[in-house]
1. Please list 3J(HN,Hα) in residue order for the stretch 84-93, calculated via the Karplus relation 6.51 cos²θ - 1.76 cosθ + 1.60 where θ = phi - 60°; whole Hz, with x for glycine and proline.
2. Once both axes come from the Cα atoms, what is the angle between helix 59-80 and the longest principal axis of the chain, in degrees from 0 to 90, rounded to 10?
3. Taking the Cα atoms only, what angle lies between the long axis of helix 149-175 and the longest principal axis of the chain, rounded to 10 degrees?
4. Which is farthest toward the positive dipole end of the stretch 13-175 among Val40, Pro19, Ser64, measuring Cα position about the Cα centre, with Cβ charges +1 (Lys, Arg) and -1 (Asp, Glu)?
5. Once both axes come from the Cα atoms, what is the angle between helix 14-47 and the longest principal axis of the chain, in degrees from 0 to 90, rounded to 10?
6. If I take all pairs of Cα atoms in the stretch 13-175, what percentage of them are more than 22 Å from each other?
7. Once you've got the GNM for the chain with C-alpha springs shorter than 10 Å, pick whichever of Pro76, Pro150, Pro60 has the biggest mean-square fluctuation.
Amino acid sequence: MTSNPKSRAPRASGFFLKPLDIITALANISGSLLILALVVLITADVTGRNLLGQPISGVPEMVSLSIVAIVFLQAPQALRAGRFTRSDGLIEVLRRRSKTLTKALETGFDLIGLTVLAAILYAHWPIMIRAWERNDFVGAVGDFTAPTWPVKAMLALGAALLALQFLARIIRRWEGEDDESV
C-alpha cells in the first residue's frame with residue numbers, strides 16, 4: 001500500500017508555517033497598496049505642479065520613506081515564492097549531482113540570511129524605539145512633517161517576517177515539502 005504525499009497528517013510546523021504565510025501575504029498586499037498610494041500621490045503632485053503651479057508638500061520625503069517600507073514589506077513574499085534575487089547556476093548543477101549536498105548548501109544560505117536579518121533587527125530595534133520616543137520626523141516644520149517611526153516599524157516587521165521565512169524554508173526543506181523549489 002503506497003501513501004499519497006498529499007494525504008499526510010498535518011505536521012506541527014503547519015501551525016507555524018500557515019499563519020506565517022498569511023501574515024507574509026498581508027505584508028505583501030500592504031506593500032502593493034503603498035505603491036498604489038505613491039502612484040496616486042506622485043500623479044497628484046505632478047498635476048498640481050504643472051497645471052496649478054502648486055506642488056504637494058512633502059512628496060519627496062514620503063516617497064523616500066515609502067521605498068524602504070515597500071522593500072521590507074514585499075521581500076518576505078518574494079522569498080516565499082522563490083523569487084528572491086540570487087544566482088542559481090551552481091546550485092542547479094549540484095542539484096543534478098547530489099540532492100543531499102544541495103539541501104545542505106541551501107540550508108547554509110538560509111541560515112546566513114537568517115543571521116543577517118537577526119543582526120539587522122538587533123541593530124534597528126533601538127533606532128525604531130528612539131524614533132518613537134523622540135517623535136523623530138522628516139520634513140520642514142511649518143511646511144510638512146511626517147514621523148519616521150511607522151516606516152521604521154514596517155522595516156522591523158518586514159525584516160522579522162523575512163527572517164522567519166528563511167527559517168520556514170529550512171523547515172519545509174527538511175520536512176520534504178516543496179523539495180525542488182525550496
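Bear in mind these aren't lab numbers, they're just calculated from the coordinates by the rules spelled out. The shown structure was predicted, so the numbers you read here are calculated from the model rather than taken from an experiment. Don't worry about glycine lacking a Cβ; one is built from the backbone with ideal geometry, like all the others, and counts go over all protein chains shown.
1. 5, 5, 5, 9, 9, x, 5, 5, 5, 5
2. 10 degrees
3. 10 degrees
4. Looking along the dipole axis, the top candidate is Pro19.
5. Roughly 30 degrees between the two axes.
6. Values: 7185 of 13203 pairs.
Result: 54 percent of Cα pairs exceed 22 Å.
7. Looking only at Pro76, Pro150, Pro60, the biggest GNM fluctuation is shown by Pro60.
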